[in-house]
Amino acid sequence: ANDHRVVSKQLQRFTADAIAAALLKIQKRGFPAIPDVDCIICKGRHRKTVCKAIGAGVYGLSGVRCKVDGERYKPSGRGGVE
């Protein structure tokens, strides 16, 4: 209960899974992208698509509508990002 290292490892794995899911989506679309810890490096013109993919990855794993680059993710059918 007093050891934060266990939670830290779980959160790192969760982040890695969300970024990996987003990266696969981006690469399937043919966008050049590089994962970097808790983000994806991409060309500026693909920024919004990559942010949406990261939000979808987090939402798919947790149900949490996170903010990515200042924009809160909205699941499909509700218009993308706010």
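Check each of the trypsin sites (Lys or Arg not before Pro) in segment 31-62 and keep only those in coil by DSSP with at most 13 other C-beta atoms within 10 angstrom; list them in order.
On the way: sites: Lys43, Arg45, Arg47, Lys48, Lys52; in loops: Lys43.
The qualifying sites are Lys43.
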In degrees, nearest ten, helix 4-28 long axis to first principal axis of the chain (Cα): 20
Which trypsin sites (Lys or Arg not before Pro) in segment 1-37 sit in a loop by DSSP (not H, G, I, E or B) and have at most 15 other Cβ atoms within 10 Å of their own Cβ? Arg29
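What FRET efficiency comes out for the pair Asn2/Asp38, r = Cβ-Cβ distance, R0 = 25 Å, nearest 0.05? Provide the component values of the computation, followed by the final result.
Values: r = 26 Å, r/R0 = 1.02.
Once the sixth-power term is evaluated, E becomes 0.45.
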With Cα atoms, 0 to 90° folded angle of helix 47-62 axis to the chain main axis: 40
Let me check I've understood the local charge: for Ala21, count other residues with C-beta under 14 angstrom from its C-beta, Lys and Arg +1, Asp and Glu -1. What total comes out? +3
In the chain, lysine pairs 8 or more places apart or on different chains with C-alpha atoms under 20 Å apart total 14
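Bear in mind that the values in this text are calculations on the coordinates, not laboratory data. These numbers were taken from a predicted model, which means no experiment stands behind them. Ideal geometry is used to build each Cβ from the backbone, glycine not excepted, and the neighbour counts take in all protein chains shown.
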